[in-house]
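Asks: Below is a structure I'd like to ask you about.
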Amino acid sequence: MAGIKEACGVFGIYDLDGGNVVPSIYYGLTSLQHRGQESCGLAVSRTDGERGNVQFHKDLGLVSEVLREDTIRNMEGDLGIGHVRYSTTGASVAENAQPLVLSYIKGTLALAHNGNLINTPELKWELIQNGAIFHTTTDSEVIAFHVARERVHSKTVEEAVLKTARKLKGGYALVIMSPRKLIGVRDPFGLKPLCLGKRDNTYVLASESCALTSVGAEFIRDIEPGEMITISRNGIESNKELSTGKHAHCVFEYIYFARLDSMMDGVKIYDARIRGGKSLAKSYPVEADLVTGVPESGIPAAKGYSEGSGIPFGFAFYKNSYIGRTFIKPTQKERESSVHLKLSVLDSAVKGKRIVLVDDSIVRGTTIANLIRMLKKAGALEVHVRISSPPFLHPCYFGTDVPSNDQLIASNHSAQEICEMIGADSLGYMQSDYLEGMAGHLPLCKACFDGKYPMDVEAELNKKIDCGC
């Protein structure tokens, strides 16, 4: 996919036997790297040590670049959290890397956040009026400050987190580290994922189950929408006071975000994408010789299309895994040239054949147009494009960085016009009615396709903040 930035990834771990969790955070974040390649970091402490003794390190870059051996060798703790990030709210600067670590009157607090709030200005102004000074431009810092402020007037950190969460509107999964506790919170709609695992006497919270597997933890369950989990020496406690019973899971976790080997809210991601491809084959059949996918995001759906259509599946591209993602290039010209560095066509696989090319989305249309030209230059007779999501028509406010409408090709052009613009012989998008079946009949947020948001976004965005100016 070119043009859509993923959600962030969060990870938390508490070894009740006192073992060092730093290596596990490193491996957990590495397994979540697909969710954010902009910045990362970790924070750890010892629960049997002095309160407030938190070690942390964060910076711009990949996990392997930021959390180098010489950097984390001297870090040690039995309780810790980590984060990988793509910016949705806040600029791409080192100051916005997470986790956020605060020192305040009650001690220390570290927080990692996946998602995006829609009432950040209101929450931020409330803090500014009371003298808060912000060091980042993220909504995550706003959340952390509210927790710290509530903690002063609360008996426990859990109470402070719960009071804060009641104010939050949007999509979020939080992992929070206090001196003696690990807390996880998932937004009431379940827009952002969070799951729980266990390894011996160690508990793990993570955005995806693949992170549990990477540290040898057994998947226990998904944190429920609106649930807060507290892990301490006393075990696990669950609080569901935030739950409303109305769920809206982000559809793009199942189409694209989540790693192929993850399971999310009872749905195996690989199976979901196979089902999506089969639905495409049912909706948009075509006579062809080969079904192929755009690496890596389109391959599972292409396999499903092949199974649904009976057309053989094969590889048409070689991917150079050491080239950065195309959409982080600053100019369109650089984006287009990097496609040729990243992918090359396997000429013998496509020459003289009619190709079905499957991908998960079309955003601006430039990447898929380049790939079609490459296939035809290599001798493909026809290229029929199939997309395993409906057309992008609306912005996302919950943590998926969809470009503005003027950059969304489908917001200004019909499918037939797009087909002609990208040079395809035919074009078919996933029908919205098939999305629930693809995602195991979960209630979904599909607002980026149909404009139906699970909360009143417009009312929040149009609120006037009286700053006294």
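The values are calculated or read from the model by the stated rules, or taken from the named source; none is laboratory data. In this text the structure is predicted, and so the values were computed from the model without any measurement. Cβ sites come from the backbone with ideal geometry, for glycine too, and all protein chains shown count toward neighbours. For the accessible areas, the whole protein counts, side chains as well, though only heavy atoms, and no ligand, DNA or RNA atoms are used. Shrake-Rupley method; radii C 1.70, N 1.55, O 1.52, S 1.80 Å.
Asks: Of L196, L182, S209, which is farthest along the charge dipole of segment 172-221 in the positive direction, counting Lys and Arg as +1 and Asp and Glu as -1 at C-beta?
Replies: Comparing the listed Cα positions along the dipole, L182 ranks first.
Asks: What's the magnitude of the charge dipole for segment 124-267 around its Cα centre, counting Lys and Arg as +1 and Asp and Glu as -1 at the beta-carbon? Answer in Debye, nearest 20.
Replies: Magnitude of the dipole: close to 440 debye.
Asks: How large is ³J(HN,Hα) for each residue in segment 341-351, as worked out from phi by the Karplus curve 6.51 cos²θ - 1.76 cosθ + 1.60 (θ = phi - 60°), to whole Hz, x for Gly and Pro?
Replies: 6, 7, 10, 10, 7, 8, 3, 5, 7, 10, 4
Asks: Run the accessible area of the chain with a 1.4 Å probe and give the carbon-and-sulfur part as a rounded percent. All intermediate terms of the calculation are to be shown ahead of the outcome.
Replies: Details: 9310 of 18780 Å².
Answer for the chain: carbon and sulfur cover 50 percent of the accessible area.
Asks: Moving to a separate point now. Given H placed 1.01 Å from N in the peptide plane, which residues other than close sequence neighbours of R46 have an amide H under 5 Å from its amide H?
Replies: Amide H neighbours of R46: D78.
Asks: For segment 158-194 and segment 264-291, what is the separation of their C-alpha centers, rounded to whole Å?
Replies: Answer, in whole Å: 34.
Asks: Same structure again: Which one of T366, V383, Q416 is farthest out on the positive end of the charge dipole of segment 344-435, using unit charges on Cβ (Lys, Arg +1; Asp, Glu -1) and the Cα centre as origin?
Replies: V383
Asks: At a 1.4 Å probe radius, which order do L102, L393, L371 fall into by accessible area, largest first?
Replies: Descending order: L393, L102, L371.
Asks: Let me ask you something else. Just to confirm my numbers, what's the Cα centroid distance between segment 217-253 and segment 66-84 in Å?
Replies: Each part's Cα centre sits 26 Å from the other's.
Asks: I would also like to ask the following. Can you tell me the accessible area per residue over the chain, all protein chains present, probe 1.4 angstrom, in square angstrom? Before the final figure, lay out the partial values.
Replies: Values: 18780 Å² over 469 residues.
Per residue, the chain has 40 Å² of solvent-accessible surface.
Asks: In the neighborhood of S426, defined by Cβ-to-Cβ distances under 12 Å, what is the net charge if each Lys or Arg adds +1 and each Asp or Glu adds -1?
Replies: With Lys, Arg at +1 and Asp, Glu at -1, the neighbours total -2.
Asks: For K192, what residues show an amide H to amide H distance below 5 Å, using hydrogens built from the backbone and excluding near sequence neighbours?
Replies: Long-range HN contacts for K192: Y172, D187.
Asks: Rounded to the nearest 0.05, what FRET efficiency do T71 and Q431 have when you use their Cβ-Cβ distance and R0 = 51 Å?
Replies: The value I calculate is 0.55.
Asks: Now for a different question. Stretched out fully, how many nm does the piece from E241 to M421 gain, at 0.36 nm a residue minus the Cα gap?
Replies: The span from E241 to M421 would gain 59.7 nm if fully extended.
Asks: Can you order the peptides 181-187, 39-45, 447-453 by their average number of other Cβ atoms within 10 Å per residue, highest first? Intermediate values should be presented prior to the final figure.
Replies: Working: 181-187: 25.9, 39-45: 28.1, 447-453: 17.4.
Those peptides, ordered most packed to least, come out 39-45, 181-187, 447-453.
Asks: Ignoring ligands, DNA and RNA, how do M421, M430 rank by accessible area with a 1.4 Å probe, largest first?
Replies: Correct descending sequence by accessible area is M421, M430.
Asks: Assuming a ≥ b ≥ c are the square roots of the Cα gyration tensor eigenvalues, decide whether segment 29-155 counts as rounded (a/c under 1.5), prolate (otherwise, with a/b larger than b/c) or oblate.
Replies: oblate
Asks: Could you pull out every residue, at least 5 positions away or on a different chain, whose amide H is within less than 5 Å of the one on L290? Hs are placed 1.01 Å off N in the peptide plane, and Pro or chain starts have none.
Replies: R354, V356
Asks: For the chain, max minus min Cα coordinate along each principal axis, in Å, sorted largest first?
Replies: Sorted largest first, the three principal extents are 70, 50, 40 Å.
Asks: Order R273, R51, R166 by their accessible area, 1.4 angstrom probe, all chains in place, largest first.
Replies: Numbers: R273 25, R51 155, R166 135 Å².
Ranked from most to least accessible, the order is R51, R166, R273.
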